[in-house]
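Structure, as structure tokens:
Derivation of every value follows stated rules applied to the coordinates shown; laboratory data play no part. Everything numeric in this text was worked out from a predicted model, so none of it was measured. Reconstructed Cβ throughout: ideal geometry from the backbone, glycine too, with neighbour counts over all protein chains shown.
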Amino acid sequence: GNSVTQMEGPVTLSEEAFLTINCTYTATGYPSLFWYVQYPGEGLQLLLKATKADDKGSNKGFEATYRKETTSFHLEKGSVQVSDSAVYFCALSDRWDSSASKIIFGSGTRLSIRP
Amino acid sequence: EAQVTQNPRYLITVTGKKLTVTCSQNMNHEYMSWYRQDPGLGLRQIYYSMNVEVTDKGDVPEGYKVSRKEKRNFPLILESPSPNQTSLYFCASSLSWGGGDTQYFGPGTRLTVL
């Protein structure tokens with residue numbers, strides 16, 4: 001079945017550092033890929049998404065490119081801010097997936113940014 | 001304001017006492033689902049619904065029930081809660097089941113079963 005593996009946390013960086021959070025996936029079909037962010041005490045919200053190979057999703061300075069050849073969707077940001085401290089989830093959805101769950105989340109990566 | 005609401009936000013209960021967590025969305029979304037979030041396990045889908053009166057099991061449905069009598073509401077029912085159901089629960093909705101549709105999440109319900 002489909003699966004998502006993302007970089008274990010926690011990740012701690014200094015303000016203005018470069019961020020990469022790795023995400024790889026396994027899918028039999030042609031899934032859509034997402035990054036969701038969860039700020040403390042809140043529900044998840046969409047950060048960015050890509051629905052086909054080579055698409056790049058971007059939002060709030062974050063970017064991720066759908067790479068079919070490496071089955072990856074790594075999240076990057078050139079200069080992080082304290083306000084980026086949150087938990088980040090990589091997710092996959094495949095409407096043709098015959099397994100029970102048609103949307104799958106990674107285990108989450110906690111990011112902390114030091115001033 | 002477009003939103004998904006859940007109630008209650010926090011709940012402490014005892015083993016075996018039936019409870020319901022409500023979920024409502026005001027976006028006319030067809031697809032709704034329930035997840036539980038546990039440390040190190042990410043989000044796991046409990047049940048989902050593709051439309052009114054259409055529900056199906058996710059990855060971890062044991063011990064839970066749902067119903068979808070109206071498009072906007074999707075309550076989660078624990079008939080006989082047990083301590084292993086202590087978790088953070090999220091309801092989510094999306095416009096349809098289109099694969100690329102964005103999920104909109106509620107604020108979460110933190111449940112403790114003693």
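Obtain the nm distance between the two label points defined at A:LYS68 and B:THR112 by a simple spin-label model: each point lies 7 Å from its Cα along the Cα-to-C-beta direction.
Calculated label separation equals 5.0 nm.
Students often forget the sequence filter, so: which aspartates and glutamates lie under 13 Å Cα-Cα from B:LYS71 once same-chain residues fewer than 8 apart are removed?
Qualifying aspartates and glutamates at Cα under 13 Å: B:GLU30, B:GLU53.
Between their Cα atoms, which of A:LYS49/A:LYS102; A:LYS49/B:LYS57; A:LYS102/B:LYS18 are more than 21 Å away from each other?
Cα-Cα > 21 Å for A:LYS49/B:LYS57; A:LYS102/B:LYS18; rest within.
With contacts defined as alpha carbon pairs under 8 Å and 6 or more residues apart, what's the relative contact order of chain B in percent?
Numbers: 304 pairs, mean separation 40.8, N = 114.
Answer for chain B is 36 percent.
With the crude spin-label approximation of a point 7 Å out along Cα→Cβ, what separation in nm comes out for B:LEU95 versus B:THR13?
3.5
If you average the alpha carbon positions of the stretch B:72-110 and of the stretch A:71-91, how far apart do those two centres end up, in angstrom?
24
What are the equivalent ellipsoid semi-axes of the protein assembly as shown, built from the alpha-carbon gyration tensor (square roots of five times its eigenvalues), in whole angstrom, biggest first?
Each semi-axis is √(5λ); the values are 29, 21, 16 Å.
Starting from the 7 Å offset along Cα-to-Cβ, what nm value, one decimal, do you get for the label separation of B:THR86 and B:LYS65?
2.6
To one decimal place, what orientation-averaged projected area in nm² is obtained for the convex hull of the Cα set of chain B? Please list the in-between numbers first.
Working: hull surface 26.8 nm².
Seen from a random direction, the Cα hull of chain B projects 6.7 nm² on average.
Counting only Cα, what are the radius of gyration and maximum Cα-Cα distance Dmax of chain A, in Å?
Here Rg and the maximum Cα pair distance are 13.8, 46 Å.
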